[in-house]
1. So what is the diffusion coefficient of segment 285-395 in µm² per second by Stokes-Einstein at 25 °C and 0.890 mPa s, using a Kirkwood Rh over Cα pairs?
2. Name the lysines eligible as straight-distance cross-link partners of K314: C-alpha to C-alpha under 16 Å, and not fewer than 8 places from it in the same chain.
3. When only Cα pairs under 8 Å and 6 or more residues apart are kept, what is the percent relative contact order across segment 211-380?
4. Among (i) 21.9; (ii) 29.6; (iii) 26.2, which one is Kirkwood radius over Cα pairs in Å computed from these coordinates?
5. Which of these, S279, S327, S22, has the largest mean-square fluctuation under a Gaussian network model of the chain (Cα springs below 10 Å)?
6. Test of understanding: in a Gaussian network model of the chain with alpha carbons linked when under 10 Å, which of L26, L159, L359 would top the mean-square fluctuation ranking?
7. Given an 8 Å cut-off on Cα distances and at least 6 residues of separation, report the relative contact order of the chain as a percent.
8. Could you work out the helix-only [θ] at 222 nm for the chain, with each DSSP H run of four or more residues adding -39,500 (n - 2.57) and the total divided by the number of residues, to the nearest 500 deg cm²/dmol?
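Every read-out reported here was derived from the displayed coordinates using simple, explicitly stated rules and does not represent laboratory data. In this text the structure is predicted, and so the values were computed from the model without any measurement. Every residue, glycine among them, receives a Cβ derived from its backbone with ideal geometry; neighbour counts consider all protein chains shown.
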Amino acid sequence: MRILWAKAGKILPVDTGGKIRSINILRQLARRHEVVYLSYYGGPRDPRYDEALRTEFPLAITMSDAWPGGAVGQGLKYAGGFLSGGPFAVRKFTDAAVRAKVGELYRSGGLDVAVCDFLSASGNFPERLTRPSVLFQHNVESALWRRQAEHPADAIRGLIYPIEARRMLAYEAAAVKRFHHVIAVSAHDRDQMVPWTRPERVSVTPTGVDVDTFAAGAGDAGQARPLVVFVGSMDWEANADGIDWFCRESWPRIAAQRPDAVLRVVGRNPPARIRELVSDRVQVTGTVPSVVEHLHEAAVVIVPLRVGGGTRLKIFEAMAARRPVVSTTVGAEGLDVRHGEDIVLADEATSVADAIIGLLADPAARTRIGDAAAATAARFGWPAVTRDFEAALEQARVDAAG
């Protein structure tokens, strides 16, 4: 197949869950198919990025200056389109030049299927999709925005997020109807989108993991010192909210009972409210070259999310590293995991804290859950996941013909 894949923003460096999912599937697809990867990003042209991308994907097309940079530029774009009714999370990444390029590629012939990676890129696709077209939904965006509206970080977001959540719901439902096929990352997400279209037009490609990378040298979690680790991009509001809540509501109870325990927050661009948490007992690393060694040092990995969508790659990475994970139900939503066997689920601040305290006190339980977690993660290597994705692309061609 000749596949057009369009995504907003730079895919390199591979430092977010969405990028990890996309590039690993792309690499697998490129072994068997022609991949025309369209990468458009804000700011001036970045020759180093463009060259690195073409090393990965020789047919890659890059476009720069696709949206304004900085808070002022984005604020002006938000205000300028406020009355249009569309969600800003899509309008921000919609650009006339990119729309023209996608339209040109649709008309050029030889294109077997097109992939819109994340809903954010969908505004650049033609209203009338004349080629088989797939919407790759890493999240149900309207559910994510609804949850963010329920837990705003400040008063301004408290005013804006409910408006954006309503707009996103209307837009997302229409987009799911418009594309020939939709790929969800979990059955849970699929079930949320099925009411918007025919059930057979939504399939599931589960989250994957680079099993070998995270398993190599992992060691036994039962032997680790009492280090509690969170891994995630800290410039994503759901992660910042989760850690802020955990440190306020759960960590004091853990620290009181385990004065030797240390919390390490690993992830890029932590906001001020997260950097202010730093103490003798709380570490905030910012950007790191690799998360692997941090997972290998952990006794327990936490995912205390109250807001989220899609599936958390960070959980499968920790599981592949043989680490027991304590997660909220939202944090593990959509993953094929079993509470008490390969993961521990808890939603209240006290129960989260007690689950971590219990694991820190029980090396055998850490080993047992960590080993079961590794066995679960081993079923979701990227080659197997990509076979599901390929099947969905073929189904899109059938759906478009019908």
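1. Details: Rh = 14.7 Å.
D = 166 µm²/s.
2. The qualifying lysines are K19.
3. It comes to 28 percent, rounded to a whole number.
4. Answer by label: (i).
5. Sorting by GNM fluctuation, first place goes to S279.
6. Highest fluctuation among the options: L159.
7. Working: 788 pairs, mean separation 64.6, N = 402.
Relative contact order here is 16 percent.
8. Working: 17 runs with 182 residues, N = 402.
After summing the helix terms and dividing by the residues of the chain, the value is -13500 deg cm²/dmol.
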